[in-house]
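S.K.: Sending over a structure as structure tokens; questions will come in a sec.
The values are calculated or read from the model by the stated rules, or taken from the named source; none is laboratory data. Worth saying up front: this structure is predicted, and the values here are computed from it rather than measured. Here the Cβ positions follow ideal geometry from the backbone for every residue, glycine too, while neighbour counts run over all protein chains shown.
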Amino acid sequence: MKHIRTPDERFKRLPNYPFEANYLDIDGLRMHYVDEGPKDGKVVLMLHGEPSWSYLYRYMIPVCAAAGHRVIAPDLIGFGKSDKPVNIDDYSYQSHMNWMTEFIKQLNLKDITLVCQDWGSLIGLRLAAENEASFSAIVLGNGMLPTGDEGVMPKVFKAWQTFARYSPWFPIARIIEWGSFKSLSKDERRAYDAPFPSAAHKAGARAFPRLVPTDGNNPASEANRAAWEVLKQWNKPFLTTFSNGDPVTRGFDKLFQKVVPGAQGQPHVKLNGGHFLQEDAGTEFAQAVNELLARSL
């Protein structure tokens, strides 16, 4: 698998991202992750989505680490400081599942609280369902686990799929900004663009939208249906922290609250923000995670 690596100098002096870099070898690919807080603390696994990287969680990591939790925020393969296969066909839903399954295995992570959004939820919810014994709680913000059986996808998502696949212009930082209420600073835009100095570095980001199951015959549909069956029996804490301004995932929080047993009676949170609620309400998001853990410990 041909892959490239973003030069380290691209990541120097990024605002509010002082975290030490850690790496694992996953199937011959270098995978980066942040590992902050006490090593014996409760594990909080933060999974980013598309087209972001662990920088998205820069406001949340210190808040949860300060509460005594071990916060782990990986960069998915193809993103951030992780290696990037250059062939778009090397990315599949299953390949991302395999990489993340190996990640938690190598770090021997147990008793995990999953925090996920966007593609972090497509991967994370499957990961928790398929490795249920390793997970103790889930916090879901602006995410979903589609099977392709849901019916018509929102028009805004179809437009996003077309844009990601065919547009010669794919401005990563601007996409993050378009999906947020706030305006990013020049340095924040530089940080989001840092992993992607060329078109070849963006293959993973280009791949994700077309991998979302939009019909029941998608290669991932059956595994996602199986994951839903696990979630329908999930009695561990399950908290939704959706924002009030996301046109893509709006309303899916109600579905999880209805069908996941562990979501019953939880103080579900509605945060002020767009799709990338970590940018708009990162501190409040992190506090909701801490409060869930305080109730659960």
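S.K.: Across segment 223-251, what is the number of residues that are surrounded by fewer than 18 Cβ atoms within 10 Å (Cβ to Cβ), closer than 16 Å to Ala128 by Cα and either among the charged types (D, E, K, R) or in contact with a strand residue (DSSP E or B) (Cβ under 9 Å, 6 or more places away or on another chain) (or both)?
M.R.: Residues that pass the stated criteria total 4.
S.K.: Follow-up question, since we're still on this one. Which numbered condition in (1) charged (D, E, K, R); (2) touching a Gly at 6+ places or on another chain (Cβ under 6 Å); (3) crowded, with 24+ Cβ neighbours inside 10 Å is the only one that Lys81 fails?
M.R.: The single condition Lys81 does not satisfy is (2).
S.K.: Moving on to the next point. Starting from residues that are of a type outside the set (S, T, N, Q) and within 20 Å of the chain's Cα centre (by Cα), keep the ones in segment 159-173 and report whichever is surrounded by the fewest Cβ atoms within 10 Å (Cβ to Cβ).
M.R.: Ranking the qualifying residues of segment 159-173, first place goes to Pro171.
S.K.: Another one. Take the residues in segment 35-60 that are in contact (Cβ under 8 Å) with a residue 40 or more places away in the chain, more than 27 Å from Trp160 (Cβ to Cβ) and not basic (Lys, Arg); name whichever of them is surrounded by the fewest Cβ atoms within 10 Å (Cβ to Cβ).
M.R.: Ranking the qualifying residues of segment 35-60, first place goes to Val43.
S.K.: Which strands (runs of 3 or more DSSP E) sit wholly inside segment 1-48 and have at least 1 residues that are within 18 Å of His69 (Cα to Cα) and among the β-branched types (Val, Ile, Thr)?
M.R.: Ranges flagged: 29-36, 43-47.
S.K.: Pairs needed: first member in segment 207-227, more than 17 Å from Glu50 (Cβ to Cβ); second member anywhere, exposed (fewer than 15 other Cβ atoms within 10 Å of the Cβ) and at pLDDT below 95; C-beta distance under 6 Å; at least 6 residues apart or different chains.
M.R.: Within 6 Å, the pairs are Gly216/Asp149.
S.K.: Can I ask one more? Sort out which residues of segment 17-34 are in contact with a strand residue (DSSP E or B) (Cβ under 9 Å, 6 or more places away or on another chain) and either among the β-branched types (Val, Ile, Thr) or loosely packed, with under 11 Cβ neighbours inside 10 Å (or both), and write them in order of number.
M.R.: Matches in segment 17-34: Glu20, Gly28, Val34.
S.K.: For segment 212-267, how many residues are part of a helix (DSSP H, G or I), polar (S, T, N, Q) and under 17 Å from the mean Cα position of the chain (by Cα)?
M.R.: Here the count works out to 1.
S.K.: I've got another one for you. Go over the candidates Arg206, Arg190 one by one and state the one that is surrounded by fewer than 19 Cβ atoms within 10 Å (Cβ to Cβ), part of a helix (DSSP H, G or I) and either of a type in the set (Lys, Arg) or in contact with a Leu (Cβ under 7 Å, 6 or more places away or on another chain) (or both).
M.R.: Answer to the selection: Arg190.
S.K.: Pull out all pairs, ordered by first then second residue, where Cβ-Cβ is under 9 Å, the residues are six or more apart or on different chains, the first lies in segment 12-23 and is in contact (Cβ under 8 Å) with a residue 12 or more places away in the chain and over 12 Å from Ala73 (Cα atoms), and the second is of a type in the set (Gly, Ala, Ser) and in a loop (DSSP other than H, G, I, E, B).
M.R.: Correct list of pairs: Leu14/Ala194; Pro15/Ser185.
S.K.: Would you confirm, using the coordinates I've provided, whether Gly274 is modelled with pLDDT of 95 or more, among the small types (Gly, Ala, Ser), surrounded by 17 or more Cβ atoms within 10 Å (Cβ to Cβ) and assigned to a loop (DSSP other than H, G, I, E, B)?
M.R.: Yes; evaluated as a whole, the condition is true for this residue.
S.K.: Which condition number in (1) touching a strand residue (DSSP E or B) at 6+ places or on another chain (Cβ under 8 Å); (2) free of Cβ contacts under 8 Å to residues at least 24 places away in the same chain; (3) farther than 22 Å from Asp149 by Cα is the one that Gln264 fails?
M.R.: (1)
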